[in-house]
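The values are calculated or read from the model by the stated rules, or taken from the named source; none is laboratory data. It should be emphasised that the depicted structure is a prediction, and the values quoted were computed from it without experimental measurement. Counting neighbours? That spans all protein chains shown, and the Cβs are built from the backbone with ideal geometry, glycine included. The protein model used for the area step is the full one, side chains on, heavy atoms only, and it has no ligands, DNA or RNA in it. Shrake-Rupley method; radii C 1.70, N 1.55, O 1.52, S 1.80 Å.
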Amino acid sequence: MNYDIYRFGKIDSTNSYLLKLGEKGFPEGTVAVADEQTSGRGRFGRKWQAEPLSSLLFSILLRPAFLPRDEVFILTFSAAVAVADAIENVTRIQSELKWPNDILFRGKKLCGILLESNFEGDKLNYVVLGVGLNVNQTVFPEEITASAVSLSMIAGRSFDREEVLSSILFRFNENYQSLKSKDFYSIMKRWRDRSFMFGKRIKFNVAGREFEGTLDEVTDDGAISIATSSGVLKFTAGEITISEISGPGTGGMK
Ligand code: BTN
């Protein structure tokens with residue numbers, strides 16, 4: 001995939017921008033990156049806030065015609081692995097992956113991924129994969145200060161956002177090429193190796209209902225299975241909160 005990068009000082013949302021370019025037929029590999037977003041979006045309709053110039057805010061337009069509808073999930077796992085590998089490569093920080101697509105450090109959010117897909121009937125038309133990575137923030141707005149962290153807060157120094165971006169794009173492209181040969185197992189294995197949640201007590205929210213149990217496994221189809229008092233439940237979508245953390249997490253510096 002050849003990347004064609006569009007850079008913005010300020011934009012509403014890099015995801016919204018690329019959804020429009022997707023509609024206009026722009027090729028896969030089109031990337032939008034911004035210093036600031038005025039309407040950054042997160043999952044579940046939440047806002048994604050980032051102080052100007054502090055974060056890596058970008059999206060990639062993809063046209064993965066080789067993926068059937070029920071396999072689109074693998075793109076988020078591929079992106080999460082690419083981001084975690086790039087973080088480690090550039091900063092030596094070992095982050096942790098939280099199902100389905102968050103990157104944490106000692107339980108605090110470092111990066112979020114938002115995948116938005118466009119279908120024509122059952123045929124996947126295009127996908128926009130958006131990444132918000134906290135790089136150089138030294139403080140966060142009060143409402144997220146307890147739950148967010150940046151690379152610079154962890155390492156005690158700032159990082160070049162461009163260097164992090166090119167490392168992520170390079171790794172994501174490698175993962176994307178291996179998906180074309182349907183090598184989902186190696187992506188999921190690398191994802192599981194970086195996940196810290198197995199065996200932890202979690203609360204799981206799906207469509208407004210809450211379940212509690214122990215995280216059992218994340219299977220190669222991207223689904224999560226939770227051992228509850230009424231048996232093992234398997235889900236493909238939802239949101240987890242960790243209700244009991246038995247240690248400080250695995251994150252550290254290498
Ligand atoms: C989440 O954790 O809820 C996902 C957050 C995704 C944020 C990124 S920032 C770049 C791209 N543009 C957006 O509007 N959202 C994504």
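In debye to the nearest 20, how big a dipole does the range 1-119 give about its Cα centre with +1 on each Lys and Arg Cβ and -1 on each Asp and Glu Cβ? It would help to have the intermediate numbers written out before the result.
Numbers: 15 positive and 14 negative charges, 71 e Å.
In debye, rounded to 20, the range 1-119 gives about 340.
Considering only protein heavy atoms and a 1.4 Å probe, what is the carbon-and-sulfur percentage of the accessible area of the chain? Taking all protein chains in place, the chain shows 49 percent carbon and sulfur surface. Sorting the segments 69-78, 180-189 by their mean number of nearby beta carbons within 10 angstrom, highest to lowest, gives 69-78, 180-189.
Above 22 Å lies some portion of the pair distances; for the chain, what is it as a whole percent of all C-alpha pairs?
On the way: 17281 of 32131 pairs.
Tail of P(r) above 22 Å: 54 percent of Cα pairs.
In whole percent, what relative contact order does the chain give with Cα contacts below 8 Å and a gap of six or more residues?
On the way: 512 pairs, mean separation 45.5, N = 254.
Dividing the mean separation by the residue count of the chain yields 18 percent.
Solvent exposure of the chain amounts to 45 Å² per residue of accessible area, where only protein heavy atoms count and the probe is 1.4 Å. Candidate cross-link partners of K123 among the aspartates and glutamates, defined by an alpha-carbon separation under 17 Å and a same-chain spacing of 8 or more, comprise E23, E28, D70, E71. In the structure shown, the pairs K10/K108; K20/K180; K98/K203 are assessed against 21 Å; a Cα-Cα span above that value is assigned to K10/K108; K20/K180.
The loop-placed trypsin sites (Lys or Arg not before Pro) in the range 1-56, going by DSSP, that have at most 10 neighbouring Cβ atoms within 10 Å of their Cβ come out as K24. For the chain, a crude dipole built from +1 on the beta carbon of Lys and Arg and -1 on the beta carbon of Asp and Glu, taken about the Cα centre, is about 240 debye to the nearest 20. Sorting the segments 103-116, 164-177 by their residues' average number of neighbouring beta-carbon atoms within 10 angstrom, most packed first, yields 103-116, 164-177.
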